[in-house]
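A short worksheet on the structure shown next.
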Amino acid sequence: MPHCSLPPASVAIIGGGPAGLMAAEVLLEAGVAVTLYDSRPSLGRKFLMAGKSGLNLTHAEPLDSFLTRYGEAQVHLQAMICDFPPEALRAWALGLGIPTFTGSSGRVFPEGMKAAPLLRAWLHRLRELGLDIRVRHRWIGWTPDGALRFETPVGESTAKPSACLLALGGGSWARLGSDGAWLPWLADKGVGVAPLKPANCGFDVTWSALFAERFAGHPVKTVEIACPDNRGGRQCKRGDLMITRSGLEGGLVYALSAPLRDTLLATGQATLYIDLMPGRDVSKIRDELEKPRNGKSLSAILRNRLGLPDVKSALLREVLTPETLASPAQLAAAIKQLPLRLTATRPMDEAISTAGGVRFDSLNDQLMLNALPGVFCAGEMLDWEAPTGGYLLTACFASGRRAARGTLRFLSTNPESVNSST
């Protein structure tokens, strides 16, 4: 089996997404030799996919509010994000020649909206710094003597660097390189890992064939959705959602995907409540429905008196019984709180991101694995989740920097690891 020779004080980074590339930049700028391995033929594939509809780098809201978007993981991520906050991320992009702007929603995008120019400029910088890139190298664990094992187009190879930084992603979009195959390898080494779960995902609903055929692909605009959370409270969001043939998708649904997913996993079902007319008082809706119909159909009443589009009227008919539809009081209440039963999350590989992964209690504050000194983890493979809106990428960048700095500290305080790798 060929052995990849690496120079003294060398670091292997496995994973060429934002966390791995940011870690490489920090290490290279400190004078450390870095070899970056990726299983795919090119780097940053999921990063490029995320930028197809407009690369949302970060968010411009105040940092205190920004940090709360990470939920229970805030306590673990806060320090590293404060070390590389959204303003620093924007300045870093500008240093690559990519200015950014803030959209009307507060989301921050690069000028031109695309990921490719930023990635090209970034890789150019990293190559000038001396980054050794080895694509089509799929990491498959360790040899008995602790060397890294890789499957390559010409057979298996190994490497034994001074330190290793894993930035392998979660379990969504496997065709782009994030397949979660690494979980059992780390678990076998005594690393605490939480099962991967879909995050920022869609949900299945048992539509009738007629409804699915007619309305799949239709947006449901300007609604408010709500669900119970795991703390006994209630989460609400306003925006648009999308009807699919199998259920619901869209940013509004993704925003509540965590509590809905957790309820589904715990009980086998979850209910999403939809206010089809946010801002309208239920009593005024009831008054309109109680007026004489003068021979008009319910669909005409909903459309002409209440301004409900066909897709919202169809949702009411899909969910409610004939008796509820015939009662102005009950129908008005349902328009303001339509209960929609969700039967399952969409498959994890369809999700934008995943929850679960390496637990923070398996890491020190420098993101080194307690069970594997000299092995660091960063990015989405850590056990955290966040909504879309720039929060995912920001934490990936920040954790890559934290893990790289931890690696530098490890190398400076463990010279025997440098010597043993040569």
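The values are calculated or read from the model by the stated rules, or taken from the named source; none is laboratory data. Nothing here was measured: the structure is a model prediction, and the numbers come from that model. Virtual Cβ from ideal backbone geometry, glycine too; neighbours counted across all protein chains shown.
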Discussion item. Need the failing condition index for Asp365 against (1) on the phi < 0 side of the Ramachandran plot; (2) at pLDDT 95 or above; (3) crowded, with 21+ Cβ neighbours inside 10 Å; (4) of a type outside the set (A, V, I, L, M, F, W, C), just the number.
Written reply: (3)
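Specify the residue that is surrounded by the fewest Cβ atoms within 10 Å (Cβ to Cβ); the eligible residues are those in the stretch 245-275 that are hydroxyl-bearing (Ser, Thr, Tyr) and farther than 13 Å from Arg346 by Cα. Steps first, please.
Restricting attention to the stretch 245-275, the residues satisfying the condition of being hydroxyl-bearing (Ser, Thr, Tyr) are 246, 254, 257, 263, 267, 271, 273.
Checking which are farther than 13 Å from Arg346 by Cα leaves us with 263, 267, 271, 273.
Working: Thr263: 19, Thr267: 8, Thr271: 13, Tyr273: 17.
If we take residues in the stretch 245-275 being hydroxyl-bearing (Ser, Thr, Tyr) and farther than 13 Å from Arg346 by Cα, then Thr267 is surrounded by the fewest Cβ atoms within 10 Å (Cβ to Cβ).
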Response to the item:
Those residues of the stretch 84-123 that are assigned to a strand (DSSP E or B) and either of a type in the set (S, T, N, Q) or under 25 Å from Ala403 (Cα atoms) (or both) come to a total of 3
Practice prompt. Go through the stretch 276-292 and give me each residue that's surrounded by 11 or more Cβ atoms within 10 Å (Cβ to Cβ), not basic (Lys, Arg) and not in a helix (DSSP H, G or I).
Written response: Leu276, Met277, Pro278, Asp281
Worksheet entry | Which numbered condition Val34 fails, given (1) β-branched (Val, Ile, Thr); (2) under 19 Å from Ala121 (Cβ atoms); (3) surrounded by fewer than 16 Cβ atoms within 10 Å (Cβ to Cβ) | (3)
Worksheet item: In the stretch 36-46, how many are farther than 16 Å from Asn200 by Cβ and either in contact with a Pro (Cβ under 7 Å, 6 or more places away or on another chain) or assigned to a helix (DSSP H, G or I) (or both)?
Response: 1
Worksheet, complete the sentence: Expected single match for hydrophobic (A, V, I, L, M, F, W, C), over 23 Å from Trp173 (Cβ atoms) and either at pLDDT 95 or above or in contact with a Gly (Cβ under 7 Å, 6 or more places away or on another chain) (or both) among Ala326, Ala334, Ala355 is Ala334
Practice prompt. Kindly indicate whether any position in the stretch 48-63 is modelled with pLDDT of 95 or more, within 23 Å of the chain's Cα centre (by Cα) and in a helix (DSSP H, G or I).
Written response: yes
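Does Leu308 satisfy the condition of being in a loop (DSSP other than H, G, I, E, B) and surrounded by 19 or more Cβ atoms within 10 Å (Cβ to Cβ)?
Numbers: in a loop (DSSP other than H, G, I, E, B): yes; surrounded by 19 or more Cβ atoms within 10 Å (Cβ to Cβ): yes.
Judged against the criteria, Leu308 is a match.
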Practice prompt. Can you run down the residue pairs with Cβ atoms below 6 Å, 6 or more apart or on separate chains, where the first is in the stretch 18-43 and of a type in the set (Lys, Arg) and the partner is surrounded by fewer than 23 Cβ atoms within 10 Å (Cβ to Cβ) and at pLDDT below 95?
Written response: Arg40/Gly177
Worksheet item: Checking Ser246 against (1) among the hydroxyl-bearing types (Ser, Thr, Tyr); (2) out of contact with any Leu (no Cβ under 6 Å at 6 or more places or on another chain); (3) over 26 Å from Ala50 (Cβ atoms), which test does it fail?
Response: (3)
Worksheet, complete the sentence: Note on Leu382: of the conditions (1) touching a residue at least 24 places away in the same chain (Cβ under 8 Å); (2) of a type in the set (A, V, I, L, M, F, W, C); (3) more than 18 Å from Ala255 (Cα to Cα); (4) out of contact with any Ser or Thr (no Cβ under 9 Å at 6 or more places or on another chain), unmet is (4)
Worksheet item: So Ala314 fits all but one of (1) surrounded by 18 or more Cβ atoms within 10 Å (Cβ to Cβ); (2) free of Cβ contacts under 8 Å to residues at least 60 places away in the same chain; (3) more than 29 Å from the chain's Cα centre (by Cα); what number is the exception?
Response: (2)
Discussion item. Please verify whether Leu342 is more than 30 Å from Ala174 (Cβ to Cβ) and in contact (Cβ under 8 Å) with a residue 60 or more places away in the chain, treating the condition exactly as stated.
Written reply: no
Practice prompt. Tell me, please, whether a residue that is assigned by TED's automatic domain parsing to the domain that holds Leu392, under 22 Å from Pro387 (Cβ atoms) and within 22 Å of the chain's Cα centre (by Cα) can be found in the stretch 3-15.
Written response: no
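Can Ile301 be described as out of contact with any Pro (no Cβ under 9 Å at 6 or more places or on another chain), surrounded by 14 or more Cβ atoms within 10 Å (Cβ to Cβ) and β-branched (Val, Ile, Thr)? Break it down into steps so the answer makes sense when it comes.
Numbers: out of contact with any Pro (no Cβ under 9 Å at 6 or more places or on another chain): yes; surrounded by 14 or more Cβ atoms within 10 Å (Cβ to Cβ): yes; β-branched (Val, Ile, Thr): yes.
Yes; evaluated as a whole, the condition is true for this residue.
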Discussion item. Can you pull out every residue in the stretch 237-266 that is part of a helix (DSSP H, G or I), over 19 Å from Glu318 (Cβ atoms) and out of contact with any Cys (no Cβ under 9 Å at 6 or more places or on another chain)?
Written reply: Gly251, Ala255, Ala258, Asp262, Leu264, Leu265, Ala266
Response to the item:
Going through the stretch 142-169 in order, the residues found to be surrounded by 15 or more Cβ atoms within 10 Å (Cβ to Cβ) and either under 26 Å from the mean Cα position of the chain (by Cα) or of a type in the set (A, V, I, L, M) (or both) are Ala147, Leu148, Ala159, Ala163, Cys164, Leu165, Leu166, Ala167, Leu168, Gly169
